[in-house]
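The values are calculated or read from the model by the stated rules, or taken from the named source; none is laboratory data. Please read all numbers here as calculations on a predicted model, not as lab measurements. Cβ coordinates were reconstructed from backbone atoms using ideal geometry, including for glycine residues, and neighbour counts include every protein chain displayed. All accessible areas refer to the heavy atoms of the entire protein, side chains included, with ligands and DNA or RNA removed. Shrake-Rupley method; radii C 1.70, N 1.55, O 1.52, S 1.80 Å.
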Amino acid sequence: MTTLHRDPILDGPVDLIPAETELIEAAMRWHFDPRTGSRFWLDQADTLGFDPREDIHTAADLARFPNIVDRLRHVPAGDLIPQGYAGQDAAIYGVYDSGGTTGPPKHVVFMADWMERLLARTDQEMDARDYPRGADWLALAPSGPHMFGAIVRETVRLRGRLNFTVDLDPRWVKKCIAAGHPEQADQYADHIIAQARAILESQDIGVLVATPPLLERLVRDDELRKLIADRVQVVEWGGAHMDPDTRYLLRTEVLPRTRLIGRYGSTMVLASAIERAGLTPDDPCIFDSFSPYVTFRVVDPETGESVPYGSRGRVVMNHVSKSVLLPNNLERDEATRIEPPPGRVGDSVADVSPVAVFGDSPVIEGVY
Amino acid sequence: MPARSPSATPPATDRPEAAGTRVADNRAEAAENRAALIELDALGPAGPFRSRNRLPITDLAGVPLAELSLVPSLYVHRAVAALRAAEPLPAADRFVALARAGEVFATQTVAGLSVEEYSHAVSRISGMPISVVRHATETTWRALLGAGRDARQARPQASVDDWHDPATQGGRAVWTRRGEVFAVHASGNHPGVHALWPQALALGYRVAVRPSRREPLTAHRLITALRAAGFGPDQVAYLPTDHAVADEIISAADLSMVYGGDDVVAKYGADPTVLVQGPGRSKILLAGEDWHHHLDTLVDSVGDEGGTACVNATAVFTDTDPDGLAAALAERLAAIPTLPPEDDRAVLPCQPTEPAAALERYLLDHAAGTTAHLGGAGITDPVPGGGVALRPAVFQVDRADAAQTGIELGFPCVWVAPWSPADGIGPLRHSLVLTAITADERLVDRLVAEPTISNVYVGDHPTYWMRPDVPHDGYLGEFLMRTKTVLRD
């Protein structure tokens, strides 16, 4: 029973990355086979207007799928599990939510085999960027319904020693700000920084993980800045945007000897893309995705067509693995389209930002 | 905000004579470098900073003339921390450096721009008539020359400047700063706004200025000049930011001054660390006087400075013949020619076509039910080189408490209202300047006592009259300073 549905591509060795068409064709067979596919995708199959098993071969073909992520707010999350996992022990790692910025959160199911692949990849990425092994980590990152905390926990188990954590609830912060109480969001951030201070002062932290706003608050305090500059070898940021000027200042003035490494992730791809190795403080911050499992496209949101390399557009994300199929999701982020590294699929992205809002709001009345 | 003050007495300090001749020299260079963008770098504690996030600053036709380096919040907090950690210069050095900066600002090439190139760029970007820009440059120079003396006009008579003063031996009030770092959210309606905040430097504050995108050149020029004159990069900073980061400057500084409309008043009005420079809504009242004798003052109060200043008259109240007054005002204001702002003879402000059209719609919507004497069919008039002039508007309302008399717009636009003693001073409240042309002393008593009227000019004085040693909206020093007792042996 337990070995009924193994696939040579989808279940290949964790450190062997399949070719694009091999992976995508195998995944289409898996997700749209009535014996192995999830109830969620099998229910959609008839409405697609094409047969994924016949018509979808490449990452580019994924653009034919509708963007289904809004349905993840309401669908029973158990229906997202491919039925081919039935009977397999400990197949499910957990269920995680999107941030919940716009309406009810979207749920995704994280399978254990995907976590294994993701960690194998993360381990290689960290070696390539000279992350210390056996170090103690401090993560200022949300746990609970958010994938971020779980991935850090697994990463530290794999290659670190102690994982110090300070929890945070990003939804509460957003709620405070939306309700016109930025001072409450400020107090909450101070509460987190105070907890982080106690750990940084007493523990030998080698890797610090934080969101850009929290990192900025940490280094605003010159004592904390010195503690981090003196002790921490790698500062990894993610979970929110960092503008190019802040990144430049952090790397040149604020933490000149610390390695600052960005991650651009999304719950909707169950992964994050790490900053390309070897970039200077003045280079655009380029993120390369874990292709062909996770692929990006940078498009003109009006036409859906790819923008030229070097131009700005909206980011479309795809996730294709044995565990999940989440194709053609138009994110709210803007980015510069960059050529991927040799042999990789889709686009790399740079200088990811929310939609830009500049300057003073237009005012008619008054002289100012 | 500071504006033309023809009757102002220049401070006692010698006025350098170089300005006129150098301006003439500079004119020859003005045509150069037009093609290159003016780089408006942030000026922080480590010197100029050219950010990756740069905002194009365009002229009236939408042509980019400059690039403004917007800094992120990390830069703001580090800059303000550096300002706070710095010691102020000794007082005497501050006054010397302010005076020197005034001369540099008004006569020399600063950050690559001659005085004339600067004036031209400001007029093309903001639409302000170039003669107003030039005059504001001189006003700012005078303000810097006198900043030390003018700032101290606010000092309570019973206090002394320094605890070393022998008077403290028996116990005495000492006038001291309420904080160390003063932030300014400047406005872009008139370059003269930058004549006021240097008083904070005179008082020993370190100052961070966030410029307006509508006119970011003047603050950049002035702060560059202050640095050239002896204020270190840890004394005064130029911090352009986008809207989201703007509040960070206020939260990081000890005290702030913010220019803005009713929205800004609502946002910061209750914050004791913020001095709000709100709407001017300046007014003129004629009571028991024949307006024919005061028409020049009325016209000038409406139209001087391009009508862009908070001290321009927004409404005129009269107890005699409002119809005739409105018609006469309209006739005089209609004679002002439409010219591009860089023309030496230009009087009217200009704007890019789109915001001007929005302004026009706003005016005409709100003027519904009033009598148009000028501008009833619209106020925009295209000028060569792109954009439109904002032509004067004169509307007559039929009652003193008509809501329109509070609508202040950034061009010569005036509401004429009837007034009788029975209306009282209610309609005259909330005025930065109230010119009262009247012999009624009881009425003047009430106007002077009214807390929402900031300045009262009795007699035939234009609303824009101003002198740096008298308060503009209270003395800045009232906000920046406090007294404390020092008793010593």
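Within the stretch A:192-209, residues that are over 14 Å from A:Thr258 (Cβ atoms) have Cβ atoms under 7 Å from residues that are open to solvent by 60 Å² or more (accessible area, probe 1.4 Å) in these pairs: A:Asp204/A:Arg231, counting only partners at least 6 apart in sequence or on another chain.
Conditions (1) under 20 Å from the mean Cα position of the chain (by Cα); (2) at pLDDT below 95, marked per residue:
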{"site": "A:Val95", "(1), (2)": "yes, no"}
{"site": "A:Tyr131", "(1), (2)": "yes, no"}
{"site": "A:Pro145", "(1), (2)": "yes, yes"}
{"site": "A:Glu154", "(1), (2)": "yes, no"}
{"site": "A:Thr165", "(1), (2)": "yes, no"}
{"site": "A:Lys175", "(1), (2)": "no, yes"}
{"site": "A:Gly180", "(1), (2)": "no, yes"}
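Note on the stretch B:220-243: among residues that are among the polar types (S, T, N, Q) and over 24 Å from B:Arg178 (Cα atoms), the one that is least open to solvent (accessible area, probe 1.4 Å) is B:Thr241.
Only one of the numbered conditions (1) part of a strand (DSSP E or B); (2) within 14 Å of another protein chain (Cβ to nearest Cβ) is not met by B:Asp381, and that is (2).
Say whether the condition of being open to solvent by less than 50 Å² (accessible area, probe 1.4 Å), touching a residue at least 60 places away in the same chain (Cβ under 8 Å) and more than 19 Å from B:Pro427 (Cα to Cα) is met by at least one residue in the stretch B:310-328. No; the residues of the stretch B:310-328 include none that is open to solvent by less than 50 Å² (accessible area, probe 1.4 Å), touching a residue at least 60 places away in the same chain (Cβ under 8 Å) and more than 19 Å from B:Pro427 (Cα to Cα).
Within the stretch A:282-296, if we keep just the residues that are over 15 Å from the mean Cα position of the chain (by Cα) and among the charged types (D, E, K, R), the residue that is farthest from A:Ala27 (Cα to Cα) turns out to be A:Asp282. Filtered by the rule that a residue be within 14 Å of another protein chain (Cβ to nearest Cβ) and touching a helix residue (DSSP H, G or I) at 6+ places or on another chain (Cβ under 9 Å), the stretch B:276-291 gives B:Val276, B:Gln277, B:Gly278, B:Pro279, B:Arg281, B:Ser282. Where helices (runs of 4 or more DSSP H) sit wholly within the stretch A:127-219, none has at least 3 residues that are on the phi > 0 side of the Ramachandran plot and open to solvent by 60 Å² or more (accessible area, probe 1.4 Å). Tallying residues that are touching a helix residue (DSSP H, G or I) at 6+ places or on another chain (Cβ under 8 Å) and of a type in the set (A, V, I, L, M, F, W, C) within the stretch B:43-86 yields 13. Checked against (1) of a type in the set (Val, Ile, Thr); (2) surrounded by fewer than 15 Cβ atoms within 10 Å (Cβ to Cβ); (3) under 19 Å from the mean Cα position of the chain (by Cα), A:Val235 meets all criteria but (2). Going by the conditions given, is B:Ala246 surrounded by fewer than 24 Cβ atoms within 10 Å (Cβ to Cβ) and either within 14 Å of chain A (Cβ to nearest Cβ) or within 17 Å of the chain's Cα centre (by Cα) (or both)? When the stated conditions are applied, B:Ala246 passes them. Among residues of the stretch B:188-199 being of a type in the set (Gly, Ala, Ser) and over 16 Å from B:Leu239 (Cα atoms), the one that is nearest to the other protein chains (Cβ to nearest Cβ) is B:Gly192.
Of everything in the stretch B:335-351 that is under 21 Å from the mean Cα position of the chain (by Cα) and part of a loop (DSSP other than H, G, I, E, B), the residue that is nearest to the other protein chains (Cβ to nearest Cβ) is B:Pro349. Among the residues of the stretch A:247-267, those identified as open to solvent by less than 10 Å² (accessible area, probe 1.4 Å) and not in a loop (DSSP other than H, G, I, E, B) are A:Arg247, A:Leu249, A:Leu250, A:Val254, A:Gly262. Checked against the criteria, B:His185 does not count as free of Cβ contacts under 8 Å to residues at least 12 places away in the same chain and either away from every other protein chain (no Cβ under 14 Å) or open to solvent by 10 Å² or more (accessible area, probe 1.4 Å) (or both). Candidates in the stretch B:155-182 are the residues that are part of a strand (DSSP E or B) and basic (Lys, Arg); of these, the one that is most open to solvent (accessible area, probe 1.4 Å) is B:Arg172.
Kindly provide the set of residues from the stretch B:85-116 that are hydrophobic (A, V, I, L, M, F, W, C) and either without any contact (Cβ under 8 Å) to a residue 40 or more places away in the chain or not assigned by TED's automatic domain parsing to the domain that holds B:Pro45 (or both), ordered by number. Matches in the stretch B:85-116: B:Ala92 only. Listed by first and then second residue, the pairs with beta-carbon distance under 6 Å, at least 6 apart or on different chains, first residue in the stretch A:46-75 and under 14 Å from A:Leu325 (Cβ atoms) and basic (Lys, Arg), second modelled with pLDDT of 95 or more and assigned to a helix (DSSP H, G or I), are A:Arg53/A:Met28; A:Arg53/A:Arg29. Suppose we keep only residues that are of a type in the set (Asp, Glu) and in contact with a helix residue (DSSP H, G or I) (Cβ under 8 Å, 6 or more places away or on another chain) within the stretch A:219-255. Which one would you say is farthest from the other protein chains (Cβ to nearest Cβ)? Ranking the candidates gives A:Asp221 first.
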